[in-house]
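**Q** Sharing a structure, written as structure tokens. Questions coming.
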Amino acid sequence: MSAAQAAAPTLVDPATISESFGSWQPRAACRAMGCEVFFAPENEPASARSRRERAAKLICAGCPVRQPCAVHALVNREVHGVWGGLSEDDRERLITHL
């Protein structure tokens with residue numbers, strides 16, 4: 001199992017799935033941070049993207065609302081950014097395998 005797989009949230013808690021965006025979002029670890037860690041600038045080089053996503057995932061790893069954030073991104077098909085510790089590529093892989 002890769003580190004990314006081990007760090008991925010378990011998306012099975014029905015209580016989490018039913019939480020609305022407004023109920024968990026104020027408790028997010030990223031709430032007071034700038035979006036530059038979580039969202040790519042235009043023409044971001046691959047090496048910079050990898051570093052930025054690792055930094056974002058570290059923040060997400062300690063977040064108390066990581067799971068509902070990831071569920072939100074999957075359910076709403078968020079196409080940009082790191083949500084709940086899942087990058088755009090992580091979410092695409094999960095959606096493709098569902």
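**Q** Considering only residues of the stretch 47-73 that are modelled with pLDDT of 95 or more and of a type in the set (S, T, N, Q), which is farthest from M33 (Cα to Cα)?
**A** Among residues in the stretch 47-73 that are modelled with pLDDT of 95 or more and of a type in the set (S, T, N, Q), the one farthest from M33 (Cα to Cα) is S47.
**Q** Also, I was wondering about something else. Could you check the stretch 47-93 and list, in sequence order, the residues that are among the charged types (D, E, K, R), in a helix (DSSP H, G or I) and either at positive phi or free of Cβ contacts under 8 Å to residues at least 60 places away in the same chain (or both)?
**A** Hits for the stretch 47-93 are R49, R51, R52, E53, R54, K57, R66, E88, D89, R91, E92, R93.
**Q** Also: Going by the conditions given, is F21 in contact with a His (Cβ under 8 Å, 6 or more places away or on another chain) and modelled with pLDDT under 90?
**A** Spelling it out, F21 is indeed in contact with a His (Cβ under 8 Å, 6 or more places away or on another chain) and modelled with pLDDT under 90.
**Q** Suppose we filter A40, A32 for residues that are open to solvent by 50 Å² or more (accessible area, probe 1.4 Å) and either outside any helix (DSSP H, G or I) or modelled with pLDDT under 90 (or both); which single one remains?
**A** A32
The values are calculated or read from the model by the stated rules, or taken from the named source; none is laboratory data. Keep in mind the model is a prediction, meaning the values are calculated, not measured. A quick note on method: Cβ atoms are made from the backbone with ideal geometry, for glycine too, and the neighbour counts reach across all protein chains shown. Just so you know, the surface numbers come from the protein's heavy atoms only, side chains and all, with ligands and any DNA or RNA stripped out. Shrake-Rupley method; radii C 1.70, N 1.55, O 1.52, S 1.80 Å.
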